[in-house]
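The values are calculated or read from the model by the stated rules, or taken from the named source; none is laboratory data. Here the structure is a predicted model, which is why all the values come from computation and not from measurement. All Cβ positions, glycine included, derive from the backbone under ideal geometry; neighbour counts span all protein chains shown. The area values use the complete protein model at the heavy-atom level, side chains included, leaving out ligands, DNA and RNA. Shrake-Rupley method; radii C 1.70, N 1.55, O 1.52, S 1.80 Å.
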Amino acid sequence: MIDLHCHSTYSDGSLTPEQLVAEAVKIGLTALALTDHDTTAGVPRFLAAAAGTTVRAVPGVELSVDCSSGVMHMLGYWMDLENPELLRQMEWIRDGRAMRNRAMLEKLNALGFAMAWEEVAAFAGEDVVGRPHFAQVMLQKGYAKDKNEAFDKWLGDGKPGYADRPRLTAEVAVALIRQAGGVAVLAHPFTLRVGKEAMLALFVELAGVGLGGVECYYSEHSADLIQDYLAMAQKANLVPTGGSDYHGEVSPGIKLGVGFGGLNVPDEALAALEARRG
Ligand SMILES: [Zn+2]
Ligand SMILES: [Zn+2]
């Protein structure tokens, strides 16, 4: 059993890299990839913790990517951790997120919503602060009756409380991972919120610019959806991979390796993926 997608305390997970390795050993994983959001800072600790254990630790990252329809995340594996361009771009993404959050707070304050950074950050806890946490403060203070209203009126793209942030395009993210010696994998395709035809077209297009795989097996993919994605991955000549997206206590119900219980990422995905390294 392998798991190629999880988060540590270096992004929004609740376990340290050492605790993740210990959990992987306990449940009998043969390989685990650490894929924190926009940072590889936890990878050295992760690799060190796994040395001499039964778990093969795979260095990874999950990059935030620009997507008009939904959320696009690009996983990268086996990059050179010292690669200057990769480090520079990840820092740019992280700085951009912090600047965006400050800009949104200023806009909301100017619109008459009294809220402080500490209140927003409190809802995020260990998580990276994002728009859902602004929405939670607005609900708590009675500025919106539910999350949908908060987004529809104030926080959604282009709304008065919204501020944009810099993101990589999918093509740039793939190239960035490959030039650092890694292989790129499109994460949890269902969050793109596009139909089957557009999804297959995207798989083919990204395969053409160097994408190596697609995360077909995922905690929140139904059995039918997994079959759809496996068929599309085959048509696009992409390696079908997968992972739980385990965050520890932050994502209740999702367990390392098995997701909600039925996740089963085939072991052979690892070697097939490694063969696609840039
Ligand atoms: Zn993701
Ligand atoms: Zn993730």
Practice task
Mind pulling the angle between the C-alpha long axis of helix 196-208 and the longest principal axis of the chain? Nearest 10 degrees, somewhere in 0 to 90.
Solution key: 60
Exercise for the section: Report the percentage of all Cα-Cα pairs in the range 100-155 whose separation exceeds 12 Å, rounded to a whole percent. Expected result: 60
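Taking 0.36 nm per residue of sequence separation and subtracting the Cα-Cα distance, how much length would be gained by fully extending the chain between L230 and R102, in nm to one decimal?
On the way: separation 128, 0.36 × 128 = 46.08 nm, distance 4.09 nm.
The L230-R102 span can extend by a further 42.0 nm.
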Handout entry: P(r) weight above 32 Å for the chain, C-alpha pairs, percent
Key = 25
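Provide the gained length on full extension for the span A163 to F260, in nm with one decimal, where the gain is 0.36 nm per separating residue minus the Cα-Cα distance. It would help to have the intermediate numbers written out before the result.
On the way: separation 97, 0.36 × 97 = 34.92 nm, distance 3.45 nm.
The span from A163 to F260 would gain 31.5 nm if fully extended.
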Practice task
Take the Cα coordinates of the range 1-152, assign each an equal point scatterer, and use the Debye formula without solvent to give log10 I(q)/I(0) at q = 0.20 Å⁻¹.
Solution key: -1.17
Completion exercise
Taking Cα pairs closer than 8 Å and at least 6 residues apart, the relative contact order of the range 1-80 in percent is 27
Exercise for the section: Only Cα pairs under 8 Å and at least 6 apart count here; give the relative contact order of the range 66-161 as a rounded whole percent. Expected result: 18
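Assuming R0 = 45 Å, can you tell me the calculated FRET efficiency for the pair A201 and E82, based on Cβ-Cβ distance, to the nearest 0.05?
Taking R0 as 45 Å, the efficiency between A201 and E82 is 0.80.
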Problem - Approximate spin-label separation D152-E220, in nm, with each point projected 7 Å along Cα-to-Cβ - result: 2.1
Exercise for the section: At 1.4 Å probe size, with no ligands or nucleic acids counted, give the accessible surface of T30 in Å², nearest ten. Expected result: 70
Handout entry: Two-site label geometry, V172 and Q140: point separation in nm, points 7 Å out along Cα→Cβ
Key = 3.4
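What order do you get for 145-151, 239-245, 203-209 when each peptide is scored by the mean count of other beta carbon atoms within 10 Å, highest first?
Per-residue mean Cβ counts within 10 Å order the peptides as 239-245, 203-209, 145-151.
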Practice task
Find how many whole Å separate the alpha carbon centroid of the range 136-200 from the alpha carbon centroid of the range 83-122.
Solution key: 15
Fill in the blank from the handout: Counting lysine pairs in the chain that sit 8 or more positions apart or on different chains, with Cα atoms under 23 Å apart, gives 12
Handout entry: Degrees, to the nearest 10: 17-27 long Cα axis against longest axis of the chain
Key = 50
